[in-house]
């Protein structure tokens with residue numbers, strides 16, 4: 001399946017019970033609202049597909065894995081409702097990943113910022129390369145990683161999340177691996193793909209009912225995300241309209 005327009009692309013291929021779901025956007029695989037909505041929809045479709053046991057989530061190209069939120073769209077929002085709706089797009093994706101009946105393997109080939117780190121955190125198993133540094137820089141533009149924080153903290157703990165959120169500098173792939181964000185860090189994209197193929201085929205050979213039950217166990221205790229993430233989106237929506245954020249985002253666009 002191919003879903004492509006000026007707001008980016010969603011490509012899904014299914015083979016041997018493995019669905020490869022690829023998102024892409026010309027601006028370093030960043031996310032405008034439309035692309036977030038289409039990714040959520042595709043995850044929900046795959047969750048109900050009985051011919052799929054495992055999802056490999058990846059992004060296009062060989063540069064950044066995901067640059068997070070679209071700065072163009074953040075600058076374009078003009079009221080709290082629009083802003084909250086935008087950040088709710090990330091909440092929708094994280095909840096779709098959380099409730100998806102399939103195990104999701106993340107193929108992290110490059111750097112990730114903000115919302116991209118949240119998406120990695122919501123993968124059930126993430127494999128990366130040495131180029132896959134991560135950063136939470138939201139405080140520098142007057143907001144914070146509020147929507148994705150539950151996912152990041154669940155994966156690497158509150159202390160490591162605080163270190164990332166407050167320091168706002170790049171953390172290496174090795175650091176992310178030590179904290180548990182990545183299951184393995186490979187030297188090259190070729191080795192990454194070999195590892196992805198091996199892991200996906202192994203999981204696809206297992207009892208799908210057992211995988212589904214395992215998925216539920218892994219995500220126990222996150223039921224409150226159905227409300228929590230949208231409360232967090234409201235906080236971000238309010239802050240992004242502040243004078244501080246307007247000025248910071250405008251400077252970044254220059």
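The values are calculated or read from the model by the stated rules, or taken from the named source; none is laboratory data. Not measured: the values here are computed from a predicted model. Glycine gets a Cβ as well: all are built from the backbone with ideal geometry, and neighbour counts include every protein chain shown.
So how many residues does the range 47-87 have that are within 16 Å of residue 138 (Cβ to Cβ) and within 17 Å of the chain's Cα centre (by Cα)?
Quick first cut of the range 47-87, residues within 16 Å of residue 138 (Cβ to Cβ) only: 66-71, 73-75, 77, 83-84, 86-87.
In the following step, the residues that additionally are within 17 Å of the chain's Cα centre (by Cα) were identified as 66-71, 86-87.
Residues flagged as within 16 Å of residue 138 (Cβ to Cβ) and within 17 Å of the chain's Cα centre (by Cα) within the range 47-87 amount to 8.
Tell me which of these residue 115 doesn't satisfy, since it passes every other one: (1) under 30 Å from residue 187 (Cβ atoms); (2) surrounded by fewer than 24 Cβ atoms within 10 Å (Cβ to Cβ); (3) in contact with a helix residue (DSSP H, G or I) (Cβ under 6 Å, 6 or more places away or on another chain).
(2)
If I ask for residues that are out of contact with any helix residue (DSSP H, G or I) (no Cβ under 7 Å at 6 or more places or on another chain) and within 15 Å of residue 100 (Cβ to Cβ), which ones from the range 20-37 would you list? Explain how you work it out, then say what you get.
The initial filter retains those residues of the range 20-37 that are out of contact with any helix residue (DSSP H, G or I) (no Cβ under 7 Å at 6 or more places or on another chain), namely 20, 22, 24, 26-30, 34-35.
Listed by number, the list holds a single entry, 20.
Identify all residues within the range 149-167 that are exposed (fewer than 15 other Cβ atoms within 10 Å of the Cβ) and touching a helix residue (DSSP H, G or I) at 6+ places or on another chain (Cβ under 8 Å); write none if there are none.
From the range 149-167, those exposed (fewer than 15 other Cβ atoms within 10 Å of the Cβ) are 157-159, 162, 166-167; that's our starting set.
Passing the criteria: 157, 166.
List the helices (runs of 4 or more DSSP H) that sit entirely inside the range 153-254 and contain at least 3 residues that are within 20 Å of the chain's Cα centre (by Cα) and more than 20 Å from residue 131 (Cβ to Cβ).
Working: elements: 158-167, 173-179, 189-204, 208-218, 225-239, 243-253.
Per the criteria, 158-167, 208-218, 225-239.
Counting only residues that are under 18 Å from residue 132 (Cα atoms) and touching a strand residue (DSSP E or B) at 6+ places or on another chain (Cβ under 8 Å), give me the strands (runs of 3 or more DSSP E) lying completely in the range 1-73 with at least 3 of them.
Values: elements: 2-5, 8-15, 18-24, 54-59.
So the answer is 18-24, 54-59.
Select from the range 120-148 the residues that are in contact with a helix residue (DSSP H, G or I) (Cβ under 6 Å, 6 or more places away or on another chain), under 14 Å from residue 181 (Cβ atoms) and either modelled with pLDDT under 95 or not in a loop (DSSP other than H, G, I, E, B) (or both) and list them in ascending order.
Of everything in the range 120-148, those that are in contact with a helix residue (DSSP H, G or I) (Cβ under 6 Å, 6 or more places away or on another chain), under 14 Å from residue 181 (Cβ atoms) and either modelled with pLDDT under 95 or not in a loop (DSSP other than H, G, I, E, B) (or both) turn out to be 121, 126, 127, 128, 129, 134.
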